[in-house]
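The block underneath contains the structure these notes are about, expressed in structure tokens.
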Amino acid sequence: MLTQVHISNLVTIQTLQLDLLTGTTVITGETGAGKSILIDAIELALGCRAPADIVRAGEEKADISLVFDVRQSTEVCEWLKNYDLESDSGECIIRRTLTKEGRSRSYINGMPITLQPLRELSELLINIHGQHEHQALLKSDRQRILLDRFAGHAHLLDQVRALSDEWHSLSREIFELKKRSNDRTQRVDFLKFQLQEFEELRLLPNEFESLDLEHKQLAHSDELLQNITNALNYLTENDDHNASRLLHQALVALESVQRVDPKIITWINILKSVMIQIKDTEDELSRYLESVDLDPTRLQCVEQRIGILFDLARKHKVEPQNLYELQQKLITEFADLETSDERLNDLTKKLDMLEKHYHEVAHKLSQSRLKAAKKLADEITETIHELALPHGEFHILFEMEDFSHPSPQGMERVIFEIKTNAGQTLQPLAKVASGGELSRISLAIHLATAGQHTIPVLVFDEVDVGIGGGTAEIVGKLLRRLSATHQVLCITHAPQVAAQGHQHLCAQKIIENEMTFTHIKSLSQDEKIQELARMLGGVEITKTTLDHAREMLEKILSLPNTITRDSA
């Protein structure tokens, strides 16, 4: 549940600290007082896009913090653990700062986080139903999503989506293969010609690098041989002075005095090691002189071969050292084209099997939807009867899609149908004309589907618009009933709804020194009566309206209250 909200320098809010309780929290206030700023702040903290003028005038940045108690939410705890963001206290603290220049930073339990994972987490924490939801509900895609959420068959949806994606990917591969097959003969002939040219050269791996090294050796053969011979002379073969003899003399000199100072043994060992290395070097140089073939006539052959490789490389627009790799690619392409008919046949068979599997899983999804649709329609019909539509009837229609191309959503379109009066025929929800009726139907749908997920916090932003009187009282009771399993926040203009809240927040707009401030505070029992009276009677609050407000509260308080912290 959401336990605390802290806001600073956001639009008309300078500083706001709220402690929220379990059950239903209602938020009221005059039009324009800033009730929706609280919901806007929650959405901003959870990663929504920030308007340019969101920071309070004259301030550098806005700061929003939300504190959630997530001990009862297994999904949220698992998500935090996967991102290594869990806390020992069982709290999830989300903070977002927004600068007037448009930059923002987000944190979860004190650790910086990007917006994408923050939005993932928000979907597990809170669900906001606003007035715009009325219009969203008219779209078939949104109706399908609500039904699927109610049915709880996410595993089937994932399978259908994965099979559809695989089918489309394989279809594209087959299309490209067929496209290539149209000019396959011409390409095969061209590859044969190119490969024949390569085969005549009998290229070897790393051949150009070997030829380049050999060319350097041959081009400098006299210099190479002379200097290696000189090196051998200086090391060991000069009769009068060579490195080996001089080192030996140095070794004898040190050995003659090692009894005088023990540390001389270290230098003796170093000289012995150097002499061993000189001997090894001498052997390697001697073997090199015996094995190397620096025949000057070979130079012409090497230069001719390098020239051929350069010509072929220019022809194919590659570096000479990449010719062998190019040859292997051409061989692979040639082999693929030679077997393309066979591969096309295999892929076509695989596509047929994939399509068959898709229809099997999509059929299971359809059956699950049909089963859930009957239950959901009955629940919504029952709820709209309570909402002063006694002859209303809700139905969910399925229209089969053209599944010649498997859809990631399944084989049918979902259409919500409604009739609100006796004698009417069922019509798509999009054709419902009355705004008040649509509000009630929307609320009924939200109430029916809200209990099917584990999101702990539900926010209703003026979803009771267009509803009044006894119907509004029923709406309040339904929201209060919903708070047995969820924490509910509700912005409302209806006193009948506001009276049902376990906690009552009131937004007030104050102007001081030509500056606008929004204050939101939790009302005491007496203050709640005053606010309900204002909502009932308008500007002038009379004893009658106060008595009416008090009677509304006393009636609700007489009901058993089963809300506990854990239940929310």
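Data overview
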{"read-out": "Peptide ranges 520-526, 440-446 listed from the most packed, as the mean C-beta count within 10 angstrom indicates", "value": "440-446, 520-526"}
{"read-out": "Trypsin sites (Lys or Arg not before Pro) within segment 20-82, DSSP loop, no more than 11 other Cβ atoms inside 10 Å", "value": "49"}
{"read-out": "Loop trypsin sites (Lys or Arg not before Pro), segment 258-353, which have at most 15 other Cβ atoms in a 10 Å radius of their Cβ (DSSP)", "value": "259, 263, 317"}
{"read-out": "Packing-based order for 363-372, 475-484, 247-256, using average beta carbon neighbours within 10 Å, highest first", "value": "475-484, 363-372, 247-256"}
{"read-out": "Sorted peptide list for 91-101, 498-508, criterion being average Cβ within 10 angstrom, highest first", "value": "498-508, 91-101"}
{"read-out": "Helix axis angle, 296-316 relative to the chain longest principal axis, alpha carbon, degrees", "value": "20 degrees"}
{"read-out": "For segment 71-112: Kirkwood Rh in Å [reciprocal of mean 1/r, alpha carbons]", "value": "11.4 Å"}
{"read-out": "Estimated translational D of segment 2-159 in µm²/s (Stokes, Kirkwood radius over Cα pairs; 20 °C; 1.002 mPa s)", "value": "123 µm²/s"}
{"read-out": "Rg and Dmax [Cα atoms of the chain; Å; Rg one decimal, Dmax integer]", "value": "41.3, 130"}
{"read-out": "Whole-number D in µm²/s for segment 63-148 (Stokes-Einstein; Kirkwood sum over Cα pairs; 20 °C, 1.002 mPa s)", "value": "144 µm²/s"}
{"read-out": "Positive-pole candidate from 77, 33, 50, dipole of segment 31-91, charges at beta carbon", "value": "33"}
{"read-out": "Lys/Arg +1, Asp/Glu -1 at C-beta; the chain dipole; positive extreme among 278, 348, 159", "value": "159"}
{"read-out": "Relative exposure of 200, 214, judged by other C-beta atoms within 10 Å (fewest first)", "value": "200, 214"}
{"read-out": "Degrees separating the helix 154-182 axis from the principal Cα axis of the chain, which is the longest one", "value": "50 degrees"}
{"read-out": "Cα point-scatterer Debye curve for segment 238-381, base-10 log of I(q)/I(0) at q = 0.21, 0.22 Å⁻¹", "value": "-1.22, -1.25"}
{"read-out": "Computed helical MRE - 222 nm, the chain, DSSP H runs ≥ 4 contributing -39500 (n - 2.57), nearest 500", "value": "-18000 deg cm²/dmol"}
{"read-out": "Residue (of 324, 387, 366) at the positive-pole extreme of segment 296-405, dipole from beta-carbon charges", "value": "324"}
{"read-out": "Convex hull volume of segment 34-107 per residue (C-alpha atoms, cubic angstrom)", "value": "109 Å³"}
{"read-out": "DSSP-defined antiparallel bridges as percent of all bridges, the chain, nearest 5", "value": "75 percent"}
{"read-out": "0 to 90° range, to nearest 10: angle between helix 435-450 axis and the chain longest Cα axis", "value": "60 degrees"}
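Here, each number is a calculation from the coordinates, and none is a lab measurement. Given the structure is predicted, the values throughout are model-derived calculations rather than measurements. Counting neighbours? That spans all protein chains shown, and the Cβs are built from the backbone with ideal geometry, glycine included.
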